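**Q** Quick one: structure below, then a few questions.
Derivation of every value follows stated rules applied to the coordinates shown; laboratory data play no part. Predicted model, so just to flag it, every value in this text is computed and none were measured. Cβ placement follows ideal geometry from the backbone for every residue including glycine, while neighbour counts extend to all protein chains displayed.
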Amino acid sequence: MKIKIFSVIIALTLLSCAYSLRIKKYPLLYNQKVPSGSLTVNVSNCKNSHGTVKICIYNTLKTYVLQRFPFRERSSLIKNQSASFKFKYLPHGDYAIITFHDRNQNSKLDYDALGMPKERYGYSNNLDVFYGRAGYGAAKFHFSGEAITLDIIQK
């Protein structure tokens, strides 16, 4: 009898620990508040006002390297060779941003025969990249959940 009571107590303790760990890992599934804020991104230096500017926000190295499945993604029309984006309720964390001027509106950055981009692009932290893409570590920034504005100048 004592062994059954002891094993029930152990099982209940383990279940409660597992539940609390799931809440910490997946707070949105359990209606817990996550610190969040708004992020405004101003993209400037577009070549002209034709087409759209596409912005992709990545929150992991894997999705950034693959350039697939961004955490947030939007397109905006260009006005006066610039575009502005506002992301509300963005959870705090580390992010990297890639933007590009999608002149032909095919939703991807086009390259020439030598592998050089045909359309202007930009990264968070306004990185200058001479060959290839900027690394995730260089492009990432910490978003604390407070409202901030980033300015990205396309090259």
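**Q** Residues with beta-carbon under 15 Å from that of Ser38, excluding Ser38: net charge, scoring Lys, Arg +1 and Asp, Glu -1?
**A** Result for the local shell: +3.
**Q** Let me know the whole percent of all Cα-Cα pairs from segment 36-153 that are separated by more than 20 Å.
**A** The proportion of pairs with Cα distances above 20 Å equals 38 percent.
**Q** Return the loop-located trypsin sites (Lys or Arg not before Pro) in segment 61-101 (DSSP other than H, G, I, E, B) with at most 15 other Cβ atoms within 10 Å of their own Cβ; answer none if there are none.
**A** Arg68
**Q** As an exercise, identify the chymotrypsin sites (Phe, Trp or Tyr not before Pro) in segment 83-155 lying in DSSP coil whose Cβ has no more than 16 other Cβ atoms within 10 Å.
**A** Phe130, Tyr131
**Q** Taking only pairs that are 8 or more places apart or on different chains, how many Lys pairs in segment 36-153 have Cα atoms under 17 angstrom apart?
**A** Taking segment 36-153 as the scope, the lysine pair count is 9.
**Q** Mind checking the full-extension length gain between Leu127 and Asp151? Use 0.36 nm per residue of separation minus the Cα-Cα distance, one decimal, nm.
**A** 7.5 nm
**Q** Based on the Cβ-Cβ distance of Met116 and Phe69, what FRET efficiency does E = 1/(1 + (r/R0)^6) give at R0 = 30 Å, to the nearest 0.05?
**A** E(calc), rounded to 0.05, equals 0.70.
**Q** Counting only other residues whose beta carbon sits under 12 Å from that of Arg68, what net charge do I get with K and R as +1, D and E as -1?
**A** +1
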